[in-house]
Amino acid sequence: MNQQLRERNRAVFLQMMSALGRKDWDAGFACMSEDVYCDWPYRPIPEMDEAMVGRDVVRAFFDAGQAAMAGLDYRIDQIHDLIDPEALIAEYHSESRHLATGVPYSNRYLGILRFRDAKVCNWREYINPLAIQEMFERVAAAPQP
């Protein structure tokens, strides 16, 4: 039973990350509970909230935050199973570019996820905020079309 839960949750995670990486918000956010709790202990953007609650709130954040970017094309490096089959830790990275300038962007992440009823209900993501800051600086310095 525990192995079935792990496999189901891995599949949900992989489906979510694939969809979010393509900016397919409908498919990606369908993998989250309505009351999903997301937080970033090291906020990638200083002005953003450290935590967000609710699928619609998180979706609006992703939509606004990635509007100027090509899809993040998430790649999963490793998934670590935990004793609790309703949780996992994942290491992943992304490659993208700023649409208007072509400035490249890449980052690495560590996600700690919890699942309830085959949906992500809690997502804590550790991200390198310096990679985002550097991309914003390169975009500001790039010739604008």
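The values are calculated or read from the model by the stated rules, or taken from the named source; none is laboratory data. Small disclaimer: the values here were computed from a predicted structure and weren't measured. Glycine also receives a Cβ, built like all others from the backbone with ideal geometry; neighbour counts cover every protein chain displayed. For accessibility, only protein heavy atoms count, side chains too; no ligands or nucleic acids. Shrake-Rupley method; radii C 1.70, N 1.55, O 1.52, S 1.80 Å.
Annotations for the structure displayed:
- Whole-number Å³ per residue for the convex hull built on Cα positions in the stretch 74-131: 95 Å³
- Accessible surface of the chain, 1.4 Å probe, proportion on carbon and sulfur as whole %: 53 percent
- Cβ-Cβ FRET estimate between H80 and V139, R0 fixed at 41 Å, reported to 0.05: 0.75
- When only alpha carbons of the chain are considered, Rg and Dmax amount to 15.5, 56 Å.
- For the pair E95 and A30, a Förster radius of 35 Å applied to the C-beta separation gives a FRET efficiency near 0.90, rounded to the nearest 0.05.
- Gain upon complete extension [K23, L5; 0.36 nm per residue less C-alpha separation]: 3.8 nm
- Local electrostatic count, W25, Cβ distance below 14 Å [Lys/Arg +1, Asp/Glu -1]: 0
- Cα centroid separation, the stretch 84-145 to the stretch 14-73 (Å): 9 Å
- Within-12-Å neighbourhood charge of L14 [Cβ basis; K, R +1; D, E -1]: +2
- The residues of the stretch 73-145 expose, per residue, 56 Å² of accessible area to a 1.4 Å probe.
- Charge dipole (Cα centre; +1 on Lys/Arg Cβ, -1 on Asp/Glu Cβ; no other charges) of the chain amounts to roughly 280 debye.
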